[in-house]
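> The structure follows.
The values are calculated or read from the model by the stated rules, or taken from the named source; none is laboratory data. A quick note: this is a predicted structure, and the numbers were derived from the prediction, not measured. Neighbour counts are summed over all protein chains in view; Cβ atoms, including those assigned to glycine, are modelled from backbone coordinates with ideal geometry. Ligands, DNA and RNA are stripped out before the accessible areas are found, and what is left, the full protein with its side chains, is counted by its heavy atoms. Shrake-Rupley method; radii C 1.70, N 1.55, O 1.52, S 1.80 Å.
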Amino acid sequence: MTHAEDLRRWAKGTYTTEAATELLLRAFNGRFAEPGNPWIHTPATTGHGTDQGAWIDFDVLAETAHNGAYSGGEGRFLLLTASLAGNVHVVLADVLTGLDRHVIDLVLAAVSHSTGSHDHPGITVAEDGTPKFSGLPTTLYPWPGDDDFR
């Protein structure tokens with residue numbers, strides 16, 4: 001299992017944690033999800049056996065984002081990611097401004113995923129006004145380059 005797969009396995013089941021984890025894996029070439037970051041824990045860093053996979057401490061991520069040596073866009077991205085996954089409060093007007101277009105695309109997908117829109121069934125309204133199931137769920141805003149991420 002790759003490190004990315006291990007993190008995704010750990011996050012699975014909570015939309016906000018899944019979305020924040022995916023943000024770290026996809027933005028900035030994944031460097032903020034790599035082992036060696038103080039918020040990324042692996043069996044080697046925790047001293048646990050292989051049954052304890054990789055995981056992310058979003059409180060440490062937020063603290064490091066506040067105190068670390070990051071560009072303005074990186075720091076705002078890290079705070080936004082920590083906020084999405086945990087009890088970190090941010091002012092959206094402060095963290096959204098100055099993000100690169102590619103990162104904004106990922107943030108929109110993360111917000112969509114966080115709401116569970118990928119699990120909302122497709123429903124249309126028939127001509128007579130009755131709701132009609134229109135198929136499998138589709139996300140409101142897909143992850144860039146991956147329309148089938150669930």
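> Being open to solvent by less than 30 Å² (accessible area, probe 1.4 Å), within 27 Å of P142 (Cβ to Cβ) and part of a loop (DSSP other than H, G, I, E, B), is that true of even one residue in the range 4-23?
No, every residue in the range 4-23 fails to be open to solvent by less than 30 Å² (accessible area, probe 1.4 Å), within 27 Å of P142 (Cβ to Cβ) and part of a loop (DSSP other than H, G, I, E, B).
> What number of residues in the range 70-90 are free of Cβ contacts under 8 Å to residues at least 60 places away in the same chain and closer than 15 Å to P38 by Cα?
4
> Give the residue, chosen from D100, D94, D57, that is open to solvent by less than 70 Å² (accessible area, probe 1.4 Å) and either free of Cβ contacts under 8 Å to residues at least 24 places away in the same chain or closer than 27 Å to T139 by Cα (or both).
D57
> Filtering the range 81-133 down to residues that are part of a loop (DSSP other than H, G, I, E, B), modelled with pLDDT under 90 and in contact with a Gly (Cβ under 8 Å, 6 or more places away or on another chain), which residue is farthest from G13 (Cα to Cα)?
In this case the residue turns out to be G98.
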